[in-house]
Each structure stands twice: as C-alpha cells, then as structure tokens.
Amino acid sequence: MFTLNADRCSLRALEPSDLELLYFWENDPEVWRVTSCGSPVSRERIAQFIVEQNYDIFASKQMRLVVEVDDAAVGTVDIIDFDPLNLRFGVGVLIYDGSHRRCGYAHSAIEAIKRYGVDTLGVKQIWANVAADNDASIALFEGCGFVRCGHRRDWIRRGAQFVDEYEYQFIGW
C-alpha cells in the first residue's frame with residue numbers, strides 16, 4: 001500500500017473500505033462550502049472514484065490520499081490537475097471533524113505532499129485556491145510557504161452572496 005509519512009500523520013492510498021466514510025464526507029453540505037461541490041454524490045460514483053485512484057497519476061492526473069492519525073482516517077488530501085509537461089499540480093486538504101482541526105494534521109499533510117511532488121513527481125510548483133473568508137486555510141497555506149499570487153473577486157457563490165478567492169503558489173525549485 002502507498003503511504004507517505006508526515007510529522008503528525010500519515011497519508012495512504014484509498015481503499016475500498018473507505019467507501020462509507022467518503023460517502024459521508026462528500027455528502028456533507030458543510031464540506032461543499034469549501035470544495036465548491038454543490039450536489040450529492042452516489043455510493044456508486046465514489047466506488048468508481050476509488051477504483052480510478054489505483055491508476056497511475058500520470059494517466060489520471062489526480063490522486064486522493066487519506067490522512068490518518070493512529071490508524072484512524074481524519075481527512076483527505078487531493079492532488080488535482082497534475083500537469084507533467086509544466087511540472088505543476090493543485091492541492092486541497094480536508095480535515096473533517098472539528099476536533100482534529102488545528103492539530104497540525106493539515107500542515108503535516110501539505111508538507112508531505114510538497115516533498116512527494118518535488119522529490120518524486122519532479123514538479124516545480126504547487127498551487128491552491130482558497131476562499132478569502134477561510135482564515136484557517138489561508139494561514140495553513142501561508143504557513144507551508146505558499147505565496148498569494150492571485151485574487152478573484154466575487155468568485156464563489158454561496159446562496160445570494162459571493163466570496164472572493166485567493167490563488168496560492170509554492171515554487172519548489
């Protein structure tokens with residue numbers, strides 16, 4: 001099984017046994033608020049996604065890993081839009097339960113993904129998009145050495161309101 005060790009947690013490949021947990025997390029409207037997803041996801045689609053994650057990142061252009069602490073899943077970290085030509089990818093992280101947030105798990109996971117991206121995949125840059133009102137994620141990415149490089153005004157719709165979005169970039173070498 002693919003595992004990345006981090007300071008405070010470990011990151012492992014998705015397993016079929018993660019189906020119910022991912023189904024629960026993916027269908028929580030509070031999660032939609034930060035993932036820009038706005039509709040329920042079926043168990044069948046999540047099962048298909050888990051199978052697709054077994055493909056090579058060079059073919060699928062994405063990878064989701066489970067963030068574990070003491071062998072318990074506390075969240076996920078995603079590599080998205082992997083671009084081997086331009087040596088970059090996007091990253092997103094979810095620590096689901098509030099009791100596991102602000103414990104350093106997301107920071108540890110992002111640092112492990114940075115090392116994996118630079119050392120294994122050979123990327124030059126990693127980017128992240130963060131809602132301007134998500135102070136915790138802004139602090140997370142800035143604390144991991146990401147620099148704000150873009151600002152999209154009224155980018156994310158939340159009901160009748162719009163929120164700005166910041167783009168962050170980490171240059172690896």
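The values are calculated or read from the model by the stated rules, or taken from the named source; none is laboratory data. These numbers were taken from a predicted model, which means no experiment stands behind them. Glycine also receives a Cβ, built like all others from the backbone with ideal geometry; neighbour counts cover every protein chain displayed. Keep in mind that these areas ignore ligands, DNA and RNA; they rest on the heavy atoms of the full protein, side chains included. Shrake-Rupley method; radii C 1.70, N 1.55, O 1.52, S 1.80 Å.
Overview of values
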| item | result |
| --- | --- |
| Rounded accessible area per residue of region 3-63, 1.4 Å, Å² | 63 Å² |
| Efficiency of FRET between residue 152 and residue 44 - r from beta-carbon atoms, R0 45 angstrom, step 0.05 | 0.85 |
| Region 66-173, accessible area per residue, ligands and nucleic acids excluded (1.4 Å, Å²) | 51 Å² |
| nm² value of the averaged projected area, convex hull over the Cα atoms of the chain | 9.9 nm² |
| Heavy-atom accessible surface of region 102-171: percent carbon and sulfur, 1.4 Å | 46 percent |
| Region 1-82 - percent of accessible surface contributed by carbon and sulfur, probe 1.4 Å | 50 percent |
| Semi-axis lengths, Å, region 8-75, gyration tensor of Cα atoms, sqrt of 5 times eigenvalues | 18, 17, 12 |
| Listed residue (149, 42, 116) projecting farthest to the positive dipole end of the chain, Cβ model | 149 |
| Calculated FRET efficiency for the pair residue 71/residue 97, C-beta based, R₀ 25 Å, to 0.05 | 0.95 |
